[in-house]
Structures are given as C-alpha cells and as structure tokens.
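Colleague: Take a look at the following structure, please.
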Amino acid sequence: MILGDTEDFNPKFEATGRVCEHDKKILMLHRVDDTWSHPGGKIEHNETPEEAILREISEETGMSIRKEQLNYIEKIQIRYLEFDFVYHLIYSM
C-alpha cells in the first residue's frame with residue numbers, strides 16, 4: 001500500500017530503485033526467485049539515495065553510471081503488513 005503522510009508511519013529501512021530507459025526500452029533484472037525488478041536495493045547508513053543507486057547498479061549489472069545521469073523522481077512511503085519502508089524512485093536515460 002502506498003501512503004501519504006501518516007502519523008503512524010514507521011519505516012524499517014529506506015530503499016532506492018532506478019527506472020532506466022534506452023531506445024524506448026526499460027532495463028529489468030530477472031531475479032533468482034523468478035521475479036523481475038528494476039535495479040535497486042536498501043540504502044546503507046550515511047548513503048544518499050543517489051549514491052545507493054549508483055552502488056546497486058554497479059553491483060547488479062556491472063554498469064557504470066554518472067550521478068549527472070540520474071533524475072530523482074519521488075519519495076514514496078510504502079506499507080506492507082509486516083513493516084513500513086521509504087522508496088526513492090530515480091529515473092535515467
């Protein structure tokens with residue numbers, strides 16, 4: 001569930017994900033659990049969302065992206081049954 005601002009929102013962690021478009025195609029990763037997703041993951045202590053996505057892209061794809069290629073889109077509050085978390089959505093071409 002995506003939330004607006006709520007008093008009882010208690011994020012367990014923050015994560016980031018990148019939507020990468022090139023030649024009208026979107027980069028998706030096929031995960032070992034047979035799911036598909038954008039590159040991304042949890043933000044480490046003292047890391048910005050942009051630093052985290054650059055690290056995650058390198059770890060997950062081997063690609064090297066410059067910070068100038070990133071466009072921050074939105075901070076989203078997400079609630080699962082078990083926990084809340086913040087998701088930072090980033091776009092690049």
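Colleague: Restricting to region 29-50, name every residue that is closer than 10 Å to residue 18 by Cβ, without any contact (Cβ under 8 Å) to a residue 24 or more places away in the chain and in contact with a helix residue (DSSP H, G or I) (Cβ under 8 Å, 6 or more places away or on another chain).
Modeller: Listed by number, the list holds a single entry, 39.
Colleague: Okay, next question. Provide a single number: the residues in region 56-93 that are basic (Lys, Arg) and either modelled with pLDDT of 95 or more or more than 15 Å from the chain's Cα centre (by Cα) (or both).
Modeller: Residues in region 56-93 being basic (Lys, Arg) and either modelled with pLDDT of 95 or more or more than 15 Å from the chain's Cα centre (by Cα) (or both): 2 in total.
Colleague: Which residues, counting only those in region 57-84, are surrounded by fewer than 13 Cβ atoms within 10 Å (Cβ to Cβ) and either assigned to a loop (DSSP other than H, G, I, E, B) or out of contact with any strand residue (DSSP E or B) (no Cβ under 7 Å at 6 or more places or on another chain) (or both)?
Modeller: Within region 57-84, 59, 62, 63, 64, 66, 67, 68, 80, 81, 82, 83 qualify.
Colleague: Here are 53, 26: which of them is aliphatic (A, V, I, L, M) and either surrounded by 12 or more Cβ atoms within 10 Å (Cβ to Cβ) or touching a helix residue (DSSP H, G or I) at 6+ places or on another chain (Cβ under 9 Å) (or both)? Reasoning before the result, please.
Modeller: Numbers: 26 fails: either surrounded by 12 or more Cβ atoms within 10 Å (Cβ to Cβ) or touching a helix residue (DSSP H, G or I) at 6+ places or on another chain (Cβ under 9 Å) (or both).
Unique residue meeting the criteria: 53.
Colleague: Right, next: Do we have residue 51 as of a type in the set (D, E, K, R) and within 26 Å of residue 81 (Cβ to Cβ) here?
Modeller: Numbers: of a type in the set (D, E, K, R): yes; within 26 Å of residue 81 (Cβ to Cβ): no.
For residue 51, the condition - of a type in the set (D, E, K, R) and within 26 Å of residue 81 (Cβ to Cβ) - is not met.
Colleague: Follow-up. When only residues in region 1-56 that are of a type in the set (A, V, I, L, M) and part of a loop (DSSP other than H, G, I, E, B) count, which is farthest from residue 90 (Cα to Cα)?
Modeller: So in region 1-56, the residues of a type in the set (A, V, I, L, M) come out as 1-3, 15, 19, 26-29, 32, 43, 52-54.
Filter again for part of a loop (DSSP other than H, G, I, E, B), leaving 1, 27-28, 32, 43.
Details: 1: 19, 27: 13, 28: 14, 32: 23, 43: 13 Å.
Applying the filter and picking the extreme gives 32.
Colleague: Only residues that are of a type in the set (Val, Ile, Thr) and in contact with a strand residue (DSSP E or B) (Cβ under 8 Å, 6 or more places away or on another chain): list them for region 22-56, please.
Modeller: Step one: of region 22-56, the residues of a type in the set (Val, Ile, Thr) are 26, 32, 35, 43, 48, 53.
Correct list: 26, 43, 53.
Colleague: Please specify each residue of region 41-93 satisfying the condition of being farther than 14 Å from residue 28 by Cα and of a type in the set (Phe, Trp, Tyr).
Modeller: Once the filter is applied, which keeps residues that are farther than 14 Å from residue 28 by Cα and of a type in the set (Phe, Trp, Tyr), region 41-93 yields 72, 80, 83, 85, 87.
Colleague: Counting only residues that are of a type in the set (Ser, Thr, Tyr) and surrounded by fewer than 11 Cβ atoms within 10 Å (Cβ to Cβ), how many does region 29-50 have? Don't jump to the end; show me each part of the working.
Modeller: Initial filter on region 29-50 (of a type in the set (Ser, Thr, Tyr)): 35, 37, 48.
With surrounded by fewer than 11 Cβ atoms within 10 Å (Cβ to Cβ) added as a condition, the list becomes 35.
The number of residues fulfilling the criteria is 1.
The values are calculated or read from the model by the stated rules, or taken from the named source; none is laboratory data. None of the values given here were measured: they were computed from a predicted structure. Virtual Cβ from ideal backbone geometry, glycine too; neighbours counted across all protein chains shown.
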